[in-house]
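Worksheet for the structure shown next.
The values are calculated or read from the model by the stated rules, or taken from the named source; none is laboratory data. Nothing here was measured: the structure is a model prediction, and the numbers come from that model. All Cβ positions, glycine included, derive from the backbone under ideal geometry; neighbour counts span all protein chains shown.
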Amino acid sequence: MKISQEIEKKLTGQWFAFLQEKIVEEFQNLESEFSIKNRTKVMYFKKKLWKKKDPKDGGGKYYILRNGQIFDKVGVNHSTVEGVFQKNYKSNIPGTKKNQTYWASGVSVVAHMRNPKIPAVHFNTRFVVTSKKWFGGGMDVTPSLKDSNEKKLVHKNLKLVCNNNKKSYKNYKKWCDDYFLIKHREETRGIGGIFFDYLYKDWEKNFKFVRDVGIGFIDITKMLIEKKRFLKWTKKQKHNQLIKRGKYVEFNLLYDRGTKFGLNTGGNIDAIFMSLPPDAKWK
């Protein structure tokens, strides 16, 4: 039975809100457990609500944890917004030729780790409605130190999520590599992952895939952290991590679609820039 677009919007918005809380719960458990074992102060997520200038156009909520033993900085953002695209931006968005109105809901996460042996992780999924409607999103991993086994673990699990939903892991992996290319440096941001956009057909199957990507992100991130959280690191390794973060900043400010979307739709500035690391270096 086909469901209405309004119900689709309601269900996706509810899922993203649930997923945000689930990610915060899982990450807080990791942070608290590790801190207690090491007899250090437990740092907690802080929550902030925000609304667009016109409250009827929606808003969101984001959580940030800083200066943890696992997480140097991690932000978990969820928003559901609507409005009218700016004229100079609407050409970038499908379905806006005759009507510039939009509705969008999504969840995004960026985690920068304290231990340079644990990679940074990024994830987002979204549902956008104009005169068209589609899902988009993905996850990628940015280590500062090479680890071929870690790379295999990430891609093995992402391939499984894609295969279970009859999606092309090969295409989504390539899309991720192409998207996260730091063009002015001619290098990729990290070891990749999957990236997808404009999933128009079969809302129910695509919604299931988006849910599975969200749960897969939690599982993969927990594996990456639990594998290396007790490892010691050197000053040189920390230095390399900060240099890598500098390149991460360059990508997010120059190329990232999510950053541009937020800035062009009246999003909350702090939520938009939650992806930036707490500190970074350049050579």
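Restricting attention to the stretch 175-191, does a residue exist that is surrounded by fewer than 13 Cβ atoms within 10 Å (Cβ to Cβ) and under 19 Å from the mean Cα position of the chain (by Cα)? Yes, that holds for at least one residue. Of the residues in the stretch 29-39, none is more than 30 Å from Asn149 (Cβ to Cβ), of a type in the set (Lys, Arg) and not in a loop (DSSP other than H, G, I, E, B). Scanning the stretch 76-105 for residues that are among the charged types (D, E, K, R) and not in a loop (DSSP other than H, G, I, E, B), we see that the one that is farthest from Lys52 (Cα to Cα) is Lys90. The residue that is surrounded by the fewest Cβ atoms within 10 Å (Cβ to Cβ), among those in the stretch 1-43 that are more than 30 Å from Val129 (Cα to Cα) and touching a strand residue (DSSP E or B) at 6+ places or on another chain (Cβ under 7 Å), is Met43.
Count of the stretch 52-73 residues, restricted to those that are more than 16 Å from Arg114 (Cβ to Cβ), without any contact (Cβ under 8 Å) to a residue 60 or more places away in the chain and touching a Lys or Arg at 6+ places or on another chain (Cβ under 8 Å), is 3. The single condition from (1) in a strand (DSSP E or B); (2) in contact (Cβ under 8 Å) with a residue 24 or more places away in the chain; (3) in contact with a Gly (Cβ under 8 Å, 6 or more places away or on another chain) that Leu49 fails is (2). Check whether at least one residue in the stretch 38-52 is of a type in the set (S, T, N, Q), modelled with pLDDT of 95 or more and farther than 19 Å from Val121 by Cα, and report yes or no. Scanning the stretch 38-52, I find at least one residue that is of a type in the set (S, T, N, Q), modelled with pLDDT of 95 or more and farther than 19 Å from Val121 by Cα, so the answer is yes.
Can you name every residue in the stretch 188-225 that is under 13 Å from Val141 (Cα atoms) and part of a loop (DSSP other than H, G, I, E, B)? Scanning the stretch 188-225 gives Arg189, Gly190, Ile191. Give the residues of the stretch 86-113 that are surrounded by 19 or more Cβ atoms within 10 Å (Cβ to Cβ) and either of a type in the set (A, V, I, L, M) or touching a Leu at 6+ places or on another chain (Cβ under 7 Å) (or both), sorted by residue number. Selection gives Ala104, Val107, Val109, Val110, Ala111, Met113. From the set of residues in the stretch 268-283 that are in a loop (DSSP other than H, G, I, E, B) and surrounded by fewer than 21 Cβ atoms within 10 Å (Cβ to Cβ), which is modelled with the lowest pLDDT? Filtering first and then ranking leaves Lys283.
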